[in-house]
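Before any comments, here is the structure.
What follows is calculated from the coordinates using simple rules that are stated; it is not laboratory data. Predicted model, so just to flag it, every value in this text is computed and none were measured. Please note: Cβ atoms are built from the backbone with ideal geometry, for glycine as well, and neighbour counts cover all protein chains shown.
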Amino acid sequence: MANREAIQKWADALEFSDLDKVQGDLRLPVHKGNHIYAWGYCGLGVACKVYAEQFGVSIGRMLDNESWVQADGYVPTEVENWLDIDRDVQKKIVNMNDSEQEDSPTLPEIGTWVRENLLKDE
């Protein structure tokens, strides 16, 4: 059973996000000219950001440390356990986020999907 409180925080962070969306990684630098001006996140990367803020973990240390990050773009085990979501859900988010289609979902649209699919009454 998913952690509804954690998923609510994740969905809120996605839906009300002004973060840059990136593809292919949980977090990547966003450049303006030759300088990094922000960090961009994928849909699952936003979950990691929320986790880091809630538990006082350094997001950089968490995501840049290969012992934390799962293979194939999945969130670290600690985040996976906190959300209590399985790999099928994560794969769905990765596929939505990394879609090469012109109308691929924005972070707020991914947040709406998370809310509608993971927080619906059972």
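The figures follow:
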read-out: Cut-off 15 Å (backbone N to label point 7 Å along Cα→Cβ of Lys92), residues of the stretch 1-29; value: 1-4, 7-8, 11
read-out: Cβ-based exposure ranking for Met96, Met62, in which fewest neighbours within 10 Å come first; value: Met96, Met62
read-out: Answer label for Rg and Dmax of the Cα atoms in Å (calculated), chosen among [x] 13.7, 49; [y] 14.4, 48; [z] 15.5, 48; value: [x]
read-out: Percent of beta bridges antiparallel (DSSP, the stretch 4-118, rounded to nearest 5); value: 75
read-out: Residue among Asn34, Ser99, Pro76 farthest towards the positive dipole end of the chain, charges placed on Cβ; value: Asn34
read-out: Antiparallel DSSP beta bridges within the stretch 20-62, as percent of all bridges there, nearest 5; value: 75
read-out: Candidates Glu78, Glu100, Glu15, ranked by Gaussian network fluctuation over the chain, Cα under 10 Å, top entry; value: Glu100
read-out: Calculated [θ] (222 nm, deg cm²/dmol) that DSSP helices of n ≥ 4 give over the chain, each run adding -39,500 (n - 2.57); value: -15000 deg cm²/dmol
